[in-house]
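Asker: Structure below; questions to follow.
The values are calculated or read from the model by the stated rules, or taken from the named source; none is laboratory data. Note that the structure is a prediction, hence the values are computed from the model and not measured. When we count neighbours, we look across all protein chains shown, and the Cβ atoms used for this are built from the backbone with ideal geometry, even at glycine. SASA here: full protein model, heavy atoms, side chains in, ligands and nucleic acids out. Shrake-Rupley method; radii C 1.70, N 1.55, O 1.52, S 1.80 Å.
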Amino acid sequence: MSERFLPYGRQWIDGDDVDAVVACLHSDFLTTGPKVAEFEAALCAATGARYAAACNSGTSALHMAYHAAGLGPGDSIVTSPMTFVATANAARYLGAEVRLADVEPDTGNLDPDAAEAAIDETTKLLVTVDYAGHPVEYDRFREIADRRGLVLVADAAHSLGATYKGRAVGTLADLTEVSLHPVKPITTGEGGAVLTDREDWDARAKAFRTHGIVRDPAHMTRNEGPWYYEMLDLGFNYRLTDLQCALGLSQVGRLQAFVERRRTIARRYYELLKDVPELILPTVRPDVEPGWHLFVVRVAGDPARRLPFFNRLRELGLGVQVHYIPVHLHPYWERYSFRRGQFPVTEDFYARSVSIPIFPMMSEDDVQSSAERIRRAVKETL
Ligand SMILES: *Cc1c(COP(=O)(O)O)cnc(C)c1O
């Protein structure tokens, strides 16, 4: 059995991906050209979203989505502490505040009741995170957002290709952000996108990614000639290149195959690790088909044993990681008067978690080898 190094996640680039990028290199366009709109159309086709705005990272996609929804100074968002810091940071870029609420103990997803209790008169956005690729309780969040007059934003960096009650991620919130980083469901190197059914929000997101500039005469205050464009808002250069969109187009064609492969690996882990009482395996709620961006096991006993367990896994050649250091425990966020002990479910989840290898390129042999190394580390350290 192979003992090769297995990271917790990685991309899968094949010959078609390489050919697509090389063909683009020989074309007239390296940055914004025909591949951008083609890739956006492919993302719409893959998810059922009406509009997609591709950009250069998931983080910029969050910034674009929050801006499109009108977030600004004096406003706040409510989100999960069990996420990558970008989910919260993007609100600060716009001068808005962040309210956090605790997660569910089984999925690590934002708890709808806790989220509702964190809403105040400043709250404009409810931002959910499909942790590890497991969709949140979207029906609950939809109901809360509608009743409280909030915009529902999905951080779906983990969950492109996942479904909730048979509906695809990308159609479940008012605005959905995806990431196209190499460990994520599909990749463009770096990249991201905002999905929405609202034309006005899509237009705002697309102007924001290129300096707040518009070229469509219908959106300009005047027109001085064929050269003319207007800057209507302060924006950024968040553009995704044609090279990257060519790669994305090729990758999106394999999204379903990638997600199926991740589901098979997850099933194998359940079979191979179910009789290990020292580990808590991930929960899957009924009516949900996760995308399995991560496979997070938790140490069942003393959380202090997580460190020697983690170190042993690394020694055994598994590139394990911990997702995530909760947002409120970072020194930057502590300045906003968050404190340790404030979100006990999140902190307990964090203290026990280890992300083990799961990526579509893993062979059956790799999965067995990974499970065997995990069982060995459990025996030696837990
Ligand atoms: C990866 C990730 C992001 C940011 O995506 P980038 O493409 O790395 O900027 C945002 N939120 C979550 C939950 C992520 O995992």
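Asker: In the chain, what percentage of the DSSP-assigned beta bridges are antiparallel, given to the nearest 5?
Answerer: DSSP beta bridges in the chain are roughly 60 percent antiparallel.
Asker: What accessible area per residue, rounded to a whole number of Å², is obtained for segment 97-241 using a probe radius of 1.4 Å?
Answerer: 39 Å²
Asker: Please give me the summed charge of the neighbours of THR122: other residues whose Cβ is under 11 Å from its Cβ, Lys and Arg +1, Asp and Glu -1.
Answerer: Net of charged neighbours comes to -2.
Asker: Go ahead and estimate [θ] at 222 nm for the chain from helices alone: -39,500 (n - 2.57) per DSSP H run with n ≥ 4, summed, over the residue count, rounded to 500.
Answerer: Rounded to the nearest 500, it is -11500 deg cm²/dmol.
Asker: At 7 Å along the Cα-to-beta-carbon direction for both HIS330 and ASP16, put a label point, then send me their distance in nm to one decimal.
Answerer: Inter-label distance under the simple model: 3.6 nm.
Asker: Give me the angle, in degrees from 0 to 90, between the Cα long axis of helix 199-208 and the longest principal axis of the Cα atoms of the chain, rounded to the nearest 10.
Answerer: The angle comes out near 90 degrees.
Asker: Helix 306-315 against the longest principal axis of the chain: what's the angle in degrees, Cα atoms only, rounded to the nearest 10?
Answerer: Here the helix axis deviates by roughly 90 degrees.
Asker: Mind listing which trypsin sites (Lys or Arg not before Pro) in segment 129-215 are in a DSSP loop and have 16 or fewer other Cβ atoms within 10 Å?
Answerer: Counting only loop positions with at most 16 other Cβ atoms within 10 Å, the trypsin sites (Lys or Arg not before Pro) in segment 129-215 are LYS165, ARG198, ARG215.
Asker: What does the highest-first list of 53-62, 153-162, 353-362, 115-124 look like by mean Cβ count within 10 Å?
Answerer: Listed from highest to lowest mean packing, they are 153-162, 53-62, 353-362, 115-124.
Asker: Identify the GluC sites (Glu not before Pro) of segment 157-212 meeting these criteria: DSSP loop state and at most 12 other C-beta atoms within 10 Å of the C-beta.
Answerer: Sparse-neighbourhood loop GluC sites (Glu not before Pro): none present.
Asker: OK, next. Please report the net charge: other residues with Cβ closer than 13 Å to the Cβ of THR59, K and R +1, D and E -1.
Answerer: 0
Asker: Above 40 Å lies some portion of the pair distances; for the chain, what is it as a whole percent of all C-alpha pairs?
Answerer: Roughly 15 percent, rounded to a whole number.
Asker: Expressed as a whole percentage, what fraction of the accessible surface of segment 288-351 belongs to carbon and sulfur atoms when a 1.4 Å probe is rolled over the protein heavy atoms?
Answerer: Heavy-atom surface of segment 288-351 belonging to carbon and sulfur, 1.4 Å probe: 51 percent.
Asker: Related question: What's the angle, to the nearest 10 degrees (0 to 90), between helix 34-47's Cα axis and the longest principal axis of the chain?
Answerer: Helix 34-47 sits at roughly 50 degrees to that axis.
Asker: For segment 126-199, give me the percentage of DSSP beta bridges that are antiparallel, rounded to the nearest 5 percent.
Answerer: Bridges in segment 126-199 that DSSP calls antiparallel: roughly 50 percent.
Asker: While we're on this one: Say R0 is 25 Å: what FRET efficiency, to the nearest 0.05, do THR31 and GLU97 get from their beta-carbon distance?
Answerer: 0.10
Asker: How high is the FRET efficiency from LEU307 to MET220, r the C-beta distance, R0 56 Å, rounded to 0.05?
Answerer: Efficiency, rounded to the nearest 0.05: 0.45.
Asker: Suppose a student asked you for the relative contact order of segment 69-149, using Cα pairs under 8 Å spaced at least 6 residues apart; what percent would you report?
Answerer: Relative contact order, segment 69-149: 32 percent.
Asker: What order do you get for 235-246, 75-86, 217-228 when each peptide is scored by the mean count of other beta carbon atoms within 10 Å, highest first?
Answerer: Packing proxy ranking, top to bottom: 75-86, 235-246, 217-228.
Asker: A further question follows. Over segment 123-180, what percent of the accessible surface lies on carbon and sulfur atoms, probe 1.4 Å?
Answerer: Of the solvent-accessible surface of segment 123-180, carbon and sulfur hold 46 percent.
Asker: Rounded to whole Å, give me the distance from the Cα center of segment 289-335 to that of segment 8-38.
Answerer: Answer, in whole Å: 33.
Asker: I want the antiparallel fraction of DSSP beta bridges within segment 1-139, as a percent rounded to 5.
Answerer: 10 percent
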